[in-house]
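Peer 1: If you scroll down you'll find the structure; I have some questions about it.
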Amino acid sequence: CGSFVSSCFSFIPTASTNPKAALKSKIVAEFRPQSLIDELLLYKRSEDQIELKEKQLSTMRVDVCSTETLKCLKGKA
């Protein structure tokens, strides 16, 4: 029974025999969830800022065809 188990384990690819498995192991080992969380929070803040500015522009009723108005808004941003 012990030799059967040993022979079964010999078919399982290890990081040393399979380069894809080695790469996956490295990715998992180097994964830092806090940096991902920080990046996601930064992205969310950016999206919130864009949404806020879109709402502000929609409430201002600005003539977007007027280049003078757009220059004025650009200066305020």
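Peer 1: Step through the residues of the range 39-55 one at a time and calculate ³J(HN,Hα) from phi using the Karplus curve (6.51 cos²θ - 1.76 cosθ + 1.60, θ = phi - 60°), rounding each to whole Hz and writing x for Gly and Pro.
Peer 2: Karplus-based 3J(HN,Hα) across the range 39-55 equals 5, 5, 5, 4, 4, 4, 4, 5, 4, 5, 5, 4, 4, 4, 5, 5, 5 Hz.
Peer 1: State, to one decimal in nm, how far the label point of ASP48 lies from the label point of THR69, with both points 7 Å from Cα in the Cβ direction.
Peer 2: For the pair ASP48/THR69, the computed spacing is 3.0 nm.
No value in this document is a laboratory result; all are computed from the given coordinates. Worth saying up front: this structure is predicted, and the values here are computed from it rather than measured. Reconstructed Cβ throughout: ideal geometry from the backbone, glycine too, with neighbour counts over all protein chains shown.
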